[in-house]
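What follows is a short report on a single structure.
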Amino acid sequence: MENKPLVVGNWKATKTIEETIDWVKKAKRGLEEAKKADIVLCAPFTSLPFLVSLFQDTNVKVGAQDVSKFKKGAYTGEVTVEMLDGLVSHCIVGHSERRKYFGETDDNVIEKVKLLLEFKITPILCVSDLNQLNSYIDRGKEIIENYDKIVFVYEPPNAISGGDAYRPDNPEDASKNAGLIGEKLGKKVVMLYGGSINSENVVSFFSKPNIDGGLVGQASTYPDEFVRIFDSIKLIGPK
Ligand code: PGA
């Protein structure tokens, strides 16, 4: 691997403030010692200020899991890009769970990407397949123009863990599909794979071409397991 792999934890809708502090207590040292990867932890909005403060001056960056498509105004319940500005470095956009449960559309996703880019927060843009990428590209030239300011994630929805069960994609298929998405973008982009990554299978994905890291859901919620992912990464040779 030329660059360090990027590992993005996605806690989804888990962790109270108390659980957040406890997680950091358990994982902090291991993450600080993880020199072979870049780390971003995407957490619920309520946990963000705590994570930012607890990981201040460390190698661990903090990200949000979503952002409003509106910049400001009478939109009860929304968390806007202005509120995230100065707090987080990254933000997940277009996760398939946002589409499935909250009716997020490709148009919404593009609005959010534009706002994040304007505020210099790196969008972590989830792409389920090539059709979805085409739809994003049709809706906004920003995706192509800012290819080097976006982290792309190839995440087939049926590979996302369910309950306690991991059901990862086949690493060969993941590499092939991630490669097709990268080719369509026509540039050397940062392309992660997402779906049931854990400490046992991470090497099989990260050692493949076209995969520059991963979006890790369930396994990131367990501090010991998340740290073990970085122990596994140490075993990856050059590709
Ligand atoms: P998972 O989730 O690792 O639990 O499959 C990945 C994701 O949805 O971001």
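There is no residue in region 183-205 that is among the aliphatic types (A, V, I, L, M), part of a loop (DSSP other than H, G, I, E, B), farther than 24 Å from Ala34 by Cα and within 11 Å of the ligand (Cβ to nearest atom). Filter region 130-162 down to the residues that are within 16 Å of the ligand (Cβ to nearest atom) and either under 22 Å from Ser89 (Cα atoms) or surrounded by 15 or more Cβ atoms within 10 Å (Cβ to Cβ) (or both) and list them by number. Within region 130-162, Gln132, Val151, Phe152, Val153, Tyr154, Glu155, Pro156, Pro157, Ala159, Ile160, Ser161 qualify. When Ile17 is tested against (1) closer than 25 Å to Gly77 by Cβ; (2) within 16 Å of the ligand (Cβ to nearest atom); (3) in contact with a helix residue (DSSP H, G or I) (Cβ under 8 Å, 6 or more places away or on another chain), only condition (2) is not met. With respect to the conditions (1) in contact with a helix residue (DSSP H, G or I) (Cβ under 7 Å, 6 or more places away or on another chain); (2) within 16 Å of the ligand (Cβ to nearest atom); (3) more than 19 Å from Gly9 (Cα to Cα); (4) among the hydroxyl-bearing types (Ser, Thr, Tyr), Tyr101 lacks only one, and its number is (1).
With the requirement that a residue be in a helix (DSSP H, G or I), open to solvent by less than 50 Å² (accessible area, probe 1.4 Å) and touching a Lys or Arg at 6+ places or on another chain (Cβ under 9 Å), what does region 67-96 give you? Before you say what the answer is, go through the steps one by one.
In the first step, residues of region 67-96 are kept if they are in a helix (DSSP H, G or I); the result is 81-84, 96.
From the residues that got through so far, the ones that are open to solvent by less than 50 Å² (accessible area, probe 1.4 Å) too are 81, 84, 96.
Within region 67-96, Val81 is the sole residue that qualifies.
Taking the numbered list (1) closer than 22 Å to Pro156 by Cα; (2) touching a strand residue (DSSP E or B) at 6+ places or on another chain (Cβ under 8 Å); (3) open to solvent by 20 Å² or more (accessible area, probe 1.4 Å) in turn, Lys4 passes all entries but (1). Within the set of pairs 6 or more residues apart or between chains, which connect a residue that is within 18 Å of Leu192 (Cα to Cα) inside region 135-159 to a residue that is basic (Lys, Arg) with Cβ atoms less than 6 Å apart? Listed by first residue and then by second, the contacts come to Tyr147/Lys187. In region 20-31 there is no residue matching the filter, namely being among the hydroxyl-bearing types (Ser, Thr, Tyr) and open to solvent by 20 Å² or more (accessible area, probe 1.4 Å). Across region 77-92, a minimum of one residue is classified as more than 22 Å from Tyr222 (Cβ to Cβ), within 16 Å of the ligand (Cβ to nearest atom) and either touching a residue at least 24 places away in the same chain (Cβ under 8 Å) or among the aromatic types (Phe, Trp, Tyr) (or both).
Looking across region 209-227, the residues that are surrounded by fewer than 18 Cβ atoms within 10 Å (Cβ to Cβ) and either assigned to a loop (DSSP other than H, G, I, E, B) or away from the ligand (no atom under 14 Å from the Cβ) (or both) come down to Pro209, Tyr222, Pro223, Asp224.
The values are calculated or read from the model by the stated rules, or taken from the named source; none is laboratory data. Everything numeric here is computed off the predicted structure, so don't read it as measured data. Don't worry about glycine lacking a Cβ; one is built from the backbone with ideal geometry, like all the others, and counts go over all protein chains shown. Surface areas here come from the heavy atoms of the whole protein model, side chains and all, with no ligands, DNA or RNA. Shrake-Rupley method; radii C 1.70, N 1.55, O 1.52, S 1.80 Å.
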